[in-house]
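Written below as structure tokens is the structure these notes are about.
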Amino acid sequence: MAAISPFSDLASLAKALSGKAISVPELVQIFLSRIAADTTNSFLATNPEASLAMAASAQKRLDSGNSDGRPATGNGPQGFSLVGLPIGHKDIFVTRDWPTTAASKILKDYRSPFDATVVERLELAGMVGMGKLNCDEFAMGSGNTHSAFGPVRNPWDLQAIPGGSSGGSAAAVAGGLLPAATGTDTGGSIRQPAAMCGLTGIKPTYGRASRWGMIAYASSLDQAGPIARTALDCAVLLSAMVGFDEKDSTSLERPSEDFANGISEPVRGAGDPRLPLKGLRLGLPREFFSDGLSTEVRQAIEAAIAELKSLGAETVDVGLPRTSLSIPAYYVIAPAEASSNLSRFDGVRYGHRTAGPKDLEDLYCRSRSEGFGKEVQRRILIGTFVLSHGYYDAYYIQAQRVRRLVAQDFDAAFRSCDLIVGPVAPTVAWAIDAPIKDPLQDYLADIYTLGVNLAGLPAMSVPCGFGNGDHKQRPIGLQLIGRKFEEKQLLKVAHHFQRATDWHQRTPTMGASE
Amino acid sequence: MSWEIVLGLEAHVQLRTQSKIFSPASTAFGAAPNTQAHMIDMALPGVLPVMNREAVACAIRFGLAVDATIAGSSIFARKNYFYPDLPKGYQISQYEIPVVQGGAVTIVTDQGLKSIALTRAHLEEDAGKSIHEGVEGLPQGCSGIDLNRAGTPLLEIVSEPVMRSAKEAVAYAKALHSLVTWIGICDGNLQEGSFRIDANVSVRPVGQVAFGTRCEIKNLNSFRFLEKAIEVEALRQIALIEDGGTVTQETRLFDPDREETRAMRSKEDAQDYRYFPDPDLPPLVISQDWIDRVRSEMPELPNMLRERLVKHYGLSDYDASMVVASRDTAQYFSEVLASQATDAKLAANWVMGELASSLNREDLDISESKVSPSQLAGLIARITDGTVSNKIGRDVFAALWSGAFESADAAIEARGLKQIQDSGLIARFVDDVIAANPTMVEEFKAGKEKAMNALVGQVMKKSQGKANPQQVSDLIKERLSAGV
Amino acid sequence: MSDADQQEVLPALTSIVNWVGELRDAPTEGVAPMAHPHDLTLRLREDVAAAAVSREELMKNAPEAAVGLFTVPRVVE
């Protein structure tokens, strides 16, 4: 049996546990020690006692042969049991065992009386909760520099951002503090940090994962998803995370799916095993390959596409003409919904309350301005503005119309291809201490990811290279975008890519040079 | 200057569901503070709303009862504002596309029937309660927030501004109140806040077409207060304008002790609620099938019953509308008519008169009446056929109410209350009374009507009330004009 | 927001709002607004009251409470 390390994927760890090479408590303890020594500021809360208690029950469950009915080994590509495997949760998911802050001062010390459905499902599957992960405050940001509890550092290059808003989730996995973590994606917040940390992440079709217990940022865009080391890991995690939840009125009623089932098979049935992607048409949107894309990212993406072609795929040019419009549309819709979703944070029933308020208005104003960071305040103001009387039609409704056009662009593109591929972000991770620029610059960097959320499509990030020169230690991710409900195909393509390449196996300790 | 009052009413009707509109917490009244506030009602981070089917069914019933259009697809919108009894910082309501559109409610006025048009009715959630004083343990200078009521389903019913007097407004409010209890969507309990009215009041010179500036008087929970509040507010506005001032559009509260309205201190009037469709709730679709099913399960509506009573039983609009004011009353009344052929007008008088006061006296619902419909029908039959007079009838009623007798006949028999039919006996009483009361006779002959009443009274006394007063008075007239 | 904070935020806000204004020139005639990626309809829940909730548990995060009520500075209507 291969030796396991803190950088092993879930499949390997599952094999080690079932083969009794290590016990759950031992495994958990290894990660707890690494977490305690963390220099990336990925974690906001841990509860070793609770984690070890979960580890003990998981071990009992493994011992009594009562896994969740899935094969206990990671031998074949048919999935593995999640019993006993460690997981960390983005601090956007409410949990009973740890405080939930949404990385905001306004929720400091908040203790939820219930668990998010996603957390509950992974716990039922036997996973051991390891703690809450740092992120951009209320998931608003692309670099995890907007947390009230300090920025997260990229374990590949501690001077660089890990990406955001699920920066803590990505950094923890990339740094070997966890084998996997949950994240949320409203405009790219799973895909972009996964890309910048050399990890695999997937955002499912809107409505697949329940939003019950996921602190709302933009309700019509938010989705939960896993960040892990491989496509197979993501497939198994995703299968456990998603599913209809009657407590979420936007949850989709679909039969449950095993995304790992058949993941190693070729996309178009039997054929040459060396060409598993034969018959697959990859759409390359010309707008994703234009001026804004940095050279080093372009190179890595083009190399990845060449790899996919060598596996049998064909490419076809497609157009997504409203790509650049998707940015202002997103930055109207998301802040609008957020401004309303965040109104409940008023210091009355929970959270930060200002000291000695002289009246009600004072209570609201000071609690909120003390509790919310600058980026959150900015977005609330934008959101309030675009919903206000006289502007609502010109901004909010107009943005919703553009949204439909963006979705139609994807529909049209998918008539001539099966999957869309391209970059996740225009550049590699930038420096944490980069001079403060116009927030607009940050917003523009979301250009390739936002449209996916507007249209509600599933999308993945798969590691495919590194930057050049000074950026040798800054990973690059390939984005795969699928039609609604075609997560399985995305994961399959990613899996085959990962069988043919080893980007996903690189770790910061090994370095990136190649 | 002659003034006209223009009134539109908004009613907030709490729907009779077991659980709240968006959460499974109970809606029962009177629980200890915050024990019926689900985490959804408390707006804890991460919660989401899920719609109560029965609340929608109530809205459909209402739409059918007022002959309105029921929207095949309607949207829930967020009404954003900050207030401590509004946990989410927004109320989930309906804005551009409500579930019920149009419709009308019929009221009875001095000039006959009038149809009051409705603009719309929509579903929304109730807010919690702020308590400012009178609670032991509430620190000085604090208000306490109880979220038990937060999330209770409401149907907000908006009338067109077509009422022109406080009386009309009260008639409308009462008709609406009895309609929503009739169809079972509301328990109608005014004290518990199940039915609350906001009145939009404005004035304009008679003949002016444009509306004056209106003020909204909120949260009136009694018909008496509604009437008074409208009256004082109209006077206030008229006085203000006549003094050279202008009416500011604002929200006001009625102070029943001082009998005046005063402006609320909140800045609600300058509010932009920034309505937008709630992204947590997809559109509500109501199929024609569902509407048809609800329609088939609805009882006969008060309007229809009222028309029937007028057409087939000859009741006046007023009497008919009194009978249909409550479903239980209408039920009782129908049973009276059904148990035996009965004079409907008499039946209406008895139900709204003697029966009603007996019920009120003992604080009973008509469903708890100690005289059953068939017993009352039996009594009315005996009055109609002359066995007893109306006055003796009341004694019979009292006997039945006390439970001493099973039927009117039994009571009449046992107490010997039969009206005297024997005209010879009556004639003897009349002669005796005329002989014994010469002064009265003189006064009557002199033209004093009152004297006749006195004479009749004497005969009634002599007969222990068992004579027929009409017969007596005819006989006296006959005797006296014959110059005996 | 304090005046100082307002000063800081205003230029950023203005530039964002201006930029977002480009949206207004986008040709969208005849296009219906899209509130959700899917054409969902509202799912309805059966009207059943759940057991009474634990007030202590739900109010444990309250910054200030007394006699079972959340307390705030006195509200004057």
Qualifying residue in region C:57-77 (condition: under 30 Å from A:Arg254 (Cβ atoms), facing chain B (nearest Cβ under 7 Å), assigned to a loop (DSSP other than H, G, I, E, B) and at pLDDT below 95): no
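Which of the residues belonging to region A:438-470 are part of a helix (DSSP H, G or I) and either of a type in the set (Phe, Trp, Tyr) or surrounded by fewer than 22 Cβ atoms within 10 Å (Cβ to Cβ) (or both)? Don't jump to the end; show me each part of the working.
First pass over region A:438-470, keeping only residues part of a helix (DSSP H, G or I): A:439-444, A:450-455, A:469-470.
Correct list: A:Pro439, A:Leu440, A:Gln441, A:Asp442, A:Tyr443, A:Leu444, A:Gly469, A:Asp470.
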If you scan region B:67-87, which residues turn out to be at the interface with chain C (Cβ under 9 Å from one of its Cβ atoms) and among the hydrophobic types (A, V, I, L, M, F, W, C)? B:Ile75, B:Phe76
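Could you tell me how many of the residues in region B:69-94 are in contact with a His (Cβ under 8 Å, 6 or more places away or on another chain) and part of a loop (DSSP other than H, G, I, E, B)? Please lay out each step first, then the result.
The initial filter retains those residues of region B:69-94 that are in contact with a His (Cβ under 8 Å, 6 or more places away or on another chain), namely B:74, B:93-94.
From the residues that got through so far, the ones that are part of a loop (DSSP other than H, G, I, E, B) too are B:94.
Adding up the residues that qualify gives 1.
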Evaluation of B:Val108 against (1) of a type in the set (A, V, I, L, M, F, W, C); (2) within 14 Å of chain A (Cβ to nearest Cβ); (3) under 29 Å from B:Val323 (Cα atoms) (one fails), failing number: (2)
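For region A:274-303, which residues satisfy the criterion of being part of a loop (DSSP other than H, G, I, E, B) and touching a strand residue (DSSP E or B) at 6+ places or on another chain (Cβ under 7 Å)?
The initial filter retains those residues of region A:274-303 that are part of a loop (DSSP other than H, G, I, E, B), namely A:274-280, A:290-294.
Scanning region A:274-303 gives A:Leu280, A:Leu293.
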Please find, within region A:407-431, the residue that is farthest from A:Leu457 (Cα to Cα) out of those that are of a type in the set (S, T, N, Q) and in a loop (DSSP other than H, G, I, E, B). A:Thr427
Across region A:207-242, the tally of residues that are within 14 Å of chain B (Cβ to nearest Cβ) and among the small types (Gly, Ala, Ser) stands at 9
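Tell me which residues, restricted to region B:125-178, are more than 30 Å from the chain's Cα centre (by Cα) and either of a type in the set (Asp, Glu) or outside the structural domain of B:Ala104 (by TED's automatic domain parsing) (or both).
Answer for region B:125-178, where residues must be more than 30 Å from the chain's Cα centre (by Cα) and either of a type in the set (Asp, Glu) or outside the structural domain of B:Ala104 (by TED's automatic domain parsing) (or both): B:Glu133, B:Glu136.
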Can we say A:Ser369 is touching a strand residue (DSSP E or B) at 6+ places or on another chain (Cβ under 7 Å), within 14 Å of chain B (Cβ to nearest Cβ) and assigned to a helix (DSSP H, G or I)? no
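Looking at B:Phe82, B:Phe22, which one is buried (at least 22 other Cβ atoms within 10 Å of the Cβ) and under 30 Å from A:Thr95 (Cβ atoms)?
On the way: B:Phe82 fails: buried (at least 22 other Cβ atoms within 10 Å of the Cβ).
It is B:Phe22.
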Looking only at region A:401-443, count every residue that is within 11 Å of another protein chain (Cβ to nearest Cβ) and either under 15 Å from A:Glu287 (Cβ atoms) or at pLDDT 95 or above (or both) and tell me the total. 9
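Taking region C:19-48, which residues are assigned to a loop (DSSP other than H, G, I, E, B), within 30 Å of B:Arg53 (Cα to Cα) and more than 7 Å from chain A (Cβ to nearest Cβ)?
Within region C:19-48, the subset assigned to a loop (DSSP other than H, G, I, E, B) is C:26-43, C:46-48.
Restricting the remaining residues to those that are within 30 Å of B:Arg53 (Cα to Cα) gives C:32-43, C:46-48.
C:Asp39, C:Thr41, C:Glu46, C:Asp47, C:Val48, listed by residue number.
Is it true that A:Thr354 is touching a Gly at 6+ places or on another chain (Cβ under 8 Å), among the polar types (S, T, N, Q) and either outside any loop (DSSP other than H, G, I, E, B) or farther than 20 Å from C:Ile16 by Cα (or both)? Break it down stepwise before answering.
Working: touching a Gly at 6+ places or on another chain (Cβ under 8 Å): yes; among the polar types (S, T, N, Q): yes; either outside any loop (DSSP other than H, G, I, E, B) or farther than 20 Å from C:Ile16 by Cα (or both): yes.
For A:Thr354, the condition - touching a Gly at 6+ places or on another chain (Cβ under 8 Å), among the polar types (S, T, N, Q) and either outside any loop (DSSP other than H, G, I, E, B) or farther than 20 Å from C:Ile16 by Cα (or both) - is met.
Applying the selection to region A:13-65, what residues are part of a helix (DSSP H, G or I) and of a type in the set (Phe, Trp, Tyr)? Lay out the reasoning, then the answer.
Our first condition is that a residue be part of a helix (DSSP H, G or I); within region A:13-65, this holds for A:13-18, A:24-36, A:48-63.
Of everything in region A:13-65, just one residue is part of a helix (DSSP H, G or I) and of a type in the set (Phe, Trp, Tyr), namely A:Phe31.
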For region B:294-304, check the following and say yes or no: at least one residue is outside any helix (DSSP H, G or I) and farther than 26 Å from B:Gln101 by Cα. no
Among the numbered conditions (1) of a type in the set (Asp, Glu); (2) farther than 13 Å from A:Asp446 by Cα; (3) in contact with a helix residue (DSSP H, G or I) (Cβ under 8 Å, 6 or more places away or on another chain), tell me where A:Asp157 comes up short. (3)
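For region B:373-424, which fully contained helices (runs of 4 or more DSSP H) count at least 2 residues that are surrounded by fewer than 21 Cβ atoms within 10 Å (Cβ to Cβ) and among the basic types (Lys, Arg)? Steps first, answer last, please.
Values: elements: B:373-384, B:390-401, B:408-415.
Passing ranges, in order: B:390-401.
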Do you know which of the residues in region A:92-125 that are within 10 Å of another protein chain (Cβ to nearest Cβ) and in contact with a Cys (Cβ under 9 Å, 6 or more places away or on another chain) is nearest to A:Asp233 (Cα to Cα)? A:Ile92
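Please state which one of A:Ser310, A:Ser239, A:Ser294, A:Ser290 is under 22 Å from A:Cys417 (Cα atoms), in contact (Cβ under 8 Å) with a residue 40 or more places away in the chain and polar (S, T, N, Q).
On the way: A:Ser239 fails: under 22 Å from A:Cys417 (Cα atoms); A:Ser294 fails: under 22 Å from A:Cys417 (Cα atoms); A:Ser290 fails: in contact (Cβ under 8 Å) with a residue 40 or more places away in the chain.
Exactly one of A:Ser310, A:Ser239, A:Ser294, A:Ser290 is under 22 Å from A:Cys417 (Cα atoms), in contact (Cβ under 8 Å) with a residue 40 or more places away in the chain and polar (S, T, N, Q), namely A:Ser310.
If I ask for residues that are surrounded by 15 or more Cβ atoms within 10 Å (Cβ to Cβ) and not in a helix (DSSP H, G or I), which ones from region B:334-352 would you list?
Passing the criteria: B:Thr342, B:Asp343.
One line per residue, one yes/no per condition, for (1) more than 27 Å from the chain's Cα centre (by Cα); (2) in contact (Cβ under 8 Å) with a residue 40 or more places away in the chain; (3) surrounded by 14 or more Cβ atoms within 10 Å (Cβ to Cβ); (4) not assigned by TED's automatic domain parsing to the domain that holds B:Ala55:
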{"site": "B:Phe276", "(1), (2), (3), (4)": "yes, yes, yes, no"}
{"site": "B:Asp280", "(1), (2), (3), (4)": "yes, yes, yes, no"}
{"site": "B:Pro283", "(1), (2), (3), (4)": "yes, yes, yes, no"}
{"site": "B:Met304", "(1), (2), (3), (4)": "no, no, no, yes"}
{"site": "B:Glu307", "(1), (2), (3), (4)": "no, no, yes, yes"}
{"site": "B:Lys311", "(1), (2), (3), (4)": "no, no, no, yes"}
{"site": "B:Gly314", "(1), (2), (3), (4)": "no, no, no, yes"}
{"site": "B:Asp317", "(1), (2), (3), (4)": "no, yes, yes, yes"}
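Go through B:Leu9, B:Leu64 for me and flag whichever is of a type outside the set (Lys, Arg), assigned to a strand (DSSP E or B), away from chain A (no Cβ under 12 Å) and more than 30 Å from A:Ile92 (Cα to Cα). Write out each step before concluding.
Values: B:Leu64 fails: assigned to a strand (DSSP E or B).
None of the others qualify; the one that does is B:Leu9.
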Select, from A:Gly84, A:Gly74, the only residue that is at pLDDT below 95 and small (Gly, Ala, Ser). A:Gly74
State which residue is surrounded by the most Cβ atoms within 10 Å (Cβ to Cβ) when the search covers only region A:310-344 and only residues that are more than 14 Å from chain B (Cβ to nearest Cβ) and hydrophobic (A, V, I, L, M, F, W, C). A:Ala329
Name the pairs whose Cβ atoms lie under 8 Å apart, with the first residue in region C:28-41 and closer than 16 Å to A:Glu253 by Cα, the second surrounded by 14 or more Cβ atoms within 10 Å (Cβ to Cβ) and among the charged types (D, E, K, R), and 6 or more positions between them or separate chains? C:Pro37/A:Lys484; C:His38/A:Lys484
The conditions are (1) touching a helix residue (DSSP H, G or I) at 6+ places or on another chain (Cβ under 9 Å); (2) aliphatic (A, V, I, L, M); (3) surrounded by fewer than 24 Cβ atoms within 10 Å (Cβ to Cβ); (4) more than 13 Å from chain C (Cβ to nearest Cβ), and A:Ile380 fails exactly one of them. Which is it? (4)
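The values are calculated or read from the model by the stated rules, or taken from the named source; none is laboratory data. Note that the structure is predicted; figures quoted are calculated from it, not measured. For neighbour counting, all protein chains shown are included, and Cβ atoms are generated from backbone atoms with ideal geometry for every residue, glycine included.
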